Amino acid sequence: MNTPKSRILIADPDPDVSETLQLYFSANGHETQTVPQANDIIKTARQWQPNAILVSTELTDKNPYQICRELLEDTLTAHIPIIMLLHLDERYVRLEALETGVDDIVTKPIDIEELRLRVEAAIRLSTLRMQV
């Protein structure tokens, strides 16, 4: 099920990954915006108000887990679902991401269709929570 005109913020330092995700989500009816650095995520999220944020653990200019905590503590962004893109499929990495409070995790290499379905599910749940 497609969630039309949902906004997805993609934060990944790899331009190939960002472009692939941007093209795929756009082709599936979503608006997308990319940021290559962690320092741009909060500012962009506050201004653009996406319906979901994808955050790569490969961001190096700031700790991606800290960025997620800041997004979850900010009243302007706390309602936005966050999905972390993990570069390692190690238990400690998955646990650290989940302990941060993110809504979901996906391990690279990314199954793009699975990611889309997870993003759309997170957006649906977020929309339902906001209606209650």
**OP:** Scan the stretch 71-92 and report the pairs whose first residue is surrounded by fewer than 16 Cβ atoms within 10 Å (Cβ to Cβ) and whose second residue is part of a helix (DSSP H, G or I) and at pLDDT 95 or above, with Cβ atoms within less than 6 Å and a gap of 6+ or a chain change.
**Re:** 76/46; 78/72
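Out of the residues in the stretch 24-70 meeting the condition of being hydroxyl-bearing (Ser, Thr, Tyr), free of Cβ contacts under 8 Å to residues at least 60 places away in the same chain and surrounded by 16 or more Cβ atoms within 10 Å (Cβ to Cβ), tell me which one is farthest from residue 96 (Cα to Cα). Before the answer, list the steps.
Here is the first cut: in the stretch 24-70, the residues hydroxyl-bearing (Ser, Thr, Tyr) are 24, 26, 32, 34, 44, 56-57, 60, 65.
Right, trim to free of Cβ contacts under 8 Å to residues at least 60 places away in the same chain and you get 26, 32, 34, 44, 56-57, 60, 65.
Of the ones still in play, those that are also surrounded by 16 or more Cβ atoms within 10 Å (Cβ to Cβ) are 32, 34, 44, 56-57, 65.
Working: 32: 27, 34: 24, 44: 24, 56: 13, 57: 11, 65: 8 Å.
Among those residues, the one meeting the criterion is 32.
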Original post:
Counting just the residues of the stretch 74-132 that are basic (Lys, Arg) and more than 12 Å from the chain's Cα centre (by Cα), which one comes out nearest to residue 10 (Cα to Cα)?
Top reply: 108
Subject >> Lone unmet requirement of (1) in contact (Cβ under 8 Å) with a residue 40 or more places away in the chain; (2) crowded, with 16+ Cβ neighbours inside 10 Å; (3) more than 12 Å from the chain's Cα centre (by Cα) for residue 21 >> reply: (3)
**OP:** Take the stretch 95-132 and flag every residue that is free of Cβ contacts under 8 Å to residues at least 12 places away in the same chain and among the charged types (D, E, K, R).
**Re:** 99, 111, 113, 114
Subject >> Single residue of the stretch 93-117 satisfying the filter (exposed (fewer than 14 other Cβ atoms within 10 Å of the Cβ) and acidic (Asp, Glu)) that is farthest from residue 22 (Cα to Cα) >> reply: 99
Original post:
Among the residues of the stretch 1-18, which ones are surrounded by 19 or more Cβ atoms within 10 Å (Cβ to Cβ), in contact with a Leu (Cβ under 9 Å, 6 or more places away or on another chain) and not in a helix (DSSP H, G or I)?
Top reply: 8, 9, 10, 11, 12
Original post:
If you go through the stretch 41-63 one residue at a time, how many are modelled with pLDDT of 95 or more and either of a type in the set (A, V, I, L, M, F, W, C) or assigned to a helix (DSSP H, G or I) (or both)?
Top reply: 12
**OP:** Mind listing whichever residues of the stretch 68-98 are farther than 18 Å from residue 7 by Cβ, of a type in the set (Val, Ile, Thr) and part of a loop (DSSP other than H, G, I, E, B)?
**Re:** 75
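The values are calculated or read from the model by the stated rules, or taken from the named source; none is laboratory data. Everything numeric here is computed off the predicted structure, so don't read it as measured data. Note that each Cβ is placed from the backbone with ideal geometry, even for glycine, and that neighbours are counted across all protein chains shown.
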